[in-house]
Structures are given as structure tokens and as C-alpha cells.
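First comes the structure, then the notes that go with it.
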Amino acid sequence: MHISVKDKSQRSLLEIHIIYNPELIRAFFFSRHGLRHYILLLCAIVFLLPFTAALQAVMPRYYATLPFYPALLFFAYLSLRMSLPWVLLLTLPAGLILDVLQFQALGTNVFLLGSCAFILSLAEPFFSGFAQAHIAAVFACATATLSAVLLQLLLFAGGLSIMQRLALLPRYLLLALALNALAAGPLLFGLLDLLQKPQKGNSASPAA
């Protein structure tokens, strides 16, 4: 498309050339890393997280921490696979849903998830240096869990003193660190990578 603006003497004052590239437009909206991928991911977060409210009926005493850690591990995975702005954008609806479900001040979980995602994005070159993917998953989940626990105790521990917060550290950290870093986290990373492999094969087939 060619657009031009001319004066009375038919001299060109402004010329604009617009070229449509169907392949790039299609890739932007429908490829694996295109806009559709992030929209579906956002919808999945919005619709799946409320189902964790069922945990409140089964284990109300431990509900305050149970839904947070699956979300934390999920965003730890996204932090190593996606660009940081997209991950931070996705933490907004996820964190707000967790805040509502846990009856916390709005923005608490948004801050925790966003901060952990930012920390992991800074450490991504370190994690990518491991040859084995499961070793990188262990260190990434351990970093995310440690960051989340420390932020919770430093910023969201209410009126507890420093000694009381330090006393809570082993209780909150040891079980969560072992479960997330050694079991749940690497398993989640492996499953999500497995789900991504068919998409890689499909995206490579047209080029062949």
C-alpha cells in the first residue's frame, strides 16, 4: 500500500509505504511464541487457579500456603522460558486471584510472584549453564522458594519481632524447599517441557 500527501503543485510532501507480510503476521498471532500462546496461557491461569479454593475445605489450616507454591513453581518455569515483561504481566491476574482466595491484601501475591520471577530472570544465565535440565530445575525451584519465604518473613510477617521471624524460617523453609526443589518443581518442569515438545515438532514441519 502506498500513501502520499501532495500539495497543489502535485509535489510529494509525505510518502508512506506499507508492506504486508502474511507469514510474519501469522507467526505473531498463531506461532508457539505468538500472541495466541500468551492469551491462552493467561486464560489458563485465570480459570485454573480458582479451583485451588477446594483445598480450603479439605485443609483449611494449611490452605494459606498450599495454592501459592504451585503458582510459584509455575512462574519459576515461565521465568526461564519466556521474556520477563510477559511473565510479570501474567503474575497480575494470578496474584490477584490468590489474594482474593486467601483473604489477603490485594497485591501481596502479585508482589511475591513478580519479585521471584524477576530474581529468577536475573539468574537465568546461571541456570542455563547446566547441561542437565533437571539440575537447572532443582536450583531454579530452590531459588524461587527461598526468595518467596524470605520476602514473606521480611515484609508480610505482621508485628513479629526479628527473632520470631528467624524462628519461623526453618518451619517454613525446610519442608517447602525440599518438596518444591527436589520433587514437585522438577516434575512440573519436566511435564511442561514434555507438553511443549509436540508444538515444536508441529512448528518445524511446515519448514520441511
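The values are calculated or read from the model by the stated rules, or taken from the named source; none is laboratory data. In this text the structure is predicted, and so the values were computed from the model without any measurement. Don't worry about glycine lacking a Cβ; one is built from the backbone with ideal geometry, like all the others, and counts go over all protein chains shown.
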**Complete:** All conditions in (1) under 22 Å from LEU187 (Cβ atoms); (2) surrounded by 17 or more Cβ atoms within 10 Å (Cβ to Cβ); (3) among the hydrophobic types (A, V, I, L, M, F, W, C); (4) modelled with pLDDT of 85 or more are true of LEU88 except (1)
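Sort out which residues of the stretch 125-138 are crowded, with 18+ Cβ neighbours inside 10 Å and either out of contact with any helix residue (DSSP H, G or I) (no Cβ under 8 Å at 6 or more places or on another chain) or of a type outside the set (A, V, I, L, M) (or both), and write them in order of number.
PHE127
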**Request:** Answer yes or no as to whether ARG26 is over 15 Å from the mean Cα position of the chain (by Cα) and either in a helix (DSSP H, G or I) or modelled with pLDDT of 90 or more (or both).
**Result:** yes
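Does ALA142 satisfy the criteria of being of a type in the set (Gly, Ala, Ser), buried (at least 20 other Cβ atoms within 10 Å of the Cβ) and closer than 15 Å to TYR69 by Cβ?
Answer is no for this residue.
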**Request:** Check GLN152 against each of (1) surrounded by fewer than 17 Cβ atoms within 10 Å (Cβ to Cβ); (2) at pLDDT 80 or above and name the one condition it does not meet.
**Result:** (1)
**Request:** Considering only the stretch 120-194, give the helices (runs of 4 or more DSSP H) lying wholly within it that have at least 2 residues that are of a type in the set (Phe, Trp, Tyr).
**Result:** 124-127
**Fill in**
With criteria (1) surrounded by fewer than 20 Cβ atoms within 10 Å (Cβ to Cβ); (2) touching a Gly at 6+ places or on another chain (Cβ under 9 Å); (3) at pLDDT 85 or above, LEU122 comes up short on (2)
**Request:** Specify the residue that is modelled with the lowest pLDDT; the eligible residues are those in the stretch 93-118 that are part of a loop (DSSP other than H, G, I, E, B) and among the polar types (S, T, N, Q).
**Result:** GLN102
**Complete:** Selection from the stretch 90-133 of residues β-branched (Val, Ile, Thr) and closer than 19 Å to ALA181 by Cβ yields ILE119
